[in-house]
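A quick write-up on the structure given underneath.
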Amino acid sequence: MKRKIQRNPADYGYPTDDIAALSQKALEVTHRLTEFYGVAPWPTKDPMSMLVDIILSHRTRDEQTAAAYDNLLKQFGSWEAVRDAPTEQVEAVISNVNWPEQKAPRLQAIMRRITEEKGSLNLDFLRDMPLEAASNWLGQLEGVGPKTNACVLLFSCRKPTLPVDVHVHRVSIRLGLIGKKVSAEAAHTLLQALLPQDAQVIYNFHKGLLRHGQRICVYERPRCKKCVLTDLCNYYQQVVLPTNVSPS
Ligand code: SF4
């Protein structure tokens, strides 16, 4: 099934920009960052496990998320046991992540809803659904926003849909792939429309911008001297060069 995608230049925050040129830039960025950082391995978690992982990871460091995920399985042994446990116990086991008091009941509510709808706590059926149908199914679950939705479908089902986290969002704005006022939520559709409907390319774009945002194009004082994208970057061309700011 074909996805409906917006390709109106005004949506990007650049009324006169050429969408084809932005697509070309997105592909060149993907190519250079994949060369620079290498191809990231695909995650191996099944869709249900990925959903748990992504919910735990919200505003939480990777190491803390991994520890909470491992603790849940060590303590309860299965997602069914997590679903049926007293909420205070789940909250205590994931207390190292941010907002465990919100994440524990949300996780359990989502798990109960999946079980009610599908008869078991398993999301493997998403792998066999067309992208739009799978995205709509996941999106109807309370607490599953666009990023979580895309993470599950790209990482575990290898469907061509782009997750936009804070790093992908910030680096995309600096590069000029989207305008400064485009929200992370709106960026999902706009950035995806610049990329081919190919899960590997979308994964490379996501991982490339994520790694770049964590290591070089950081929130404060991006390390532009170490960047392989200066000739493609609006921020570098329009802010760093003219003001002669010395990037680190
Ligand atoms: S040139 Fe600087 S601002 Fe632009 S992507 Fe690279 S590190 Fe980020």
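Worth a mention:
- Principal-axis analysis of the Cα atoms of the chain puts helix 166-175 at an angle of about 10° to the longest axis.
- For the chain, the Cβ-based charge dipole about the Cα centre amounts to some 740 debye (Lys, Arg positive; Asp, Glu negative; other atoms uncharged).
- Distance between region 199-231 and region 21-76 - C-alpha centres, whole angstrom: 15
- Charge tally around W99: other residues with Cβ under 11 Å, Lys/Arg +1 each, Asp/Glu -1 each, net +1.
- GNM result for the chain, Cα springs below 10 Å: residue of G38, G119, G143 fluctuating most strongly: G119
- Given charges at Cβ of Lys, Arg, Asp, Glu: region 161-231 dipole, positive-most of L195, G176, L162: G176
- Each semi-axis of the equivalent ellipsoid for region 47-156 is √(5λ) with λ an eigenvalue of the Cα gyration tensor; in descending order they amount to 22, 15, 12 Å.
- Sorted largest first, extent of the chain alpha carbons per principal axis (Å): 59, 41, 30
- When the chain is treated as a Gaussian network with alpha carbon springs shorter than 10 Å, the biggest mean-square fluctuation among H58, H206, H167 belongs to H58.
- Probing with 1.4 Å while keeping every protein chain in the model, the per residue accessible area of the chain equals 50 Å².
- Nearest-ten-degree value, helix 19-37 long axis tilted from longest Cα axis of the chain: 70
- Carbon and sulfur %, accessible surface of region 50-122 computed with the full protein complex present, 1.4 Å: 43
The values are calculated or read from the model by the stated rules, or taken from the named source; none is laboratory data. Note that the structure is predicted; figures quoted are calculated from it, not measured. As a convention, Cβ positions derive from the backbone with ideal geometry for all residues, glycine included, and neighbour counts pool all protein chains shown. The accessibility values were calculated without ligands, DNA or RNA, using every heavy atom of the protein model including side chains. Shrake-Rupley method; radii C 1.70, N 1.55, O 1.52, S 1.80 Å.
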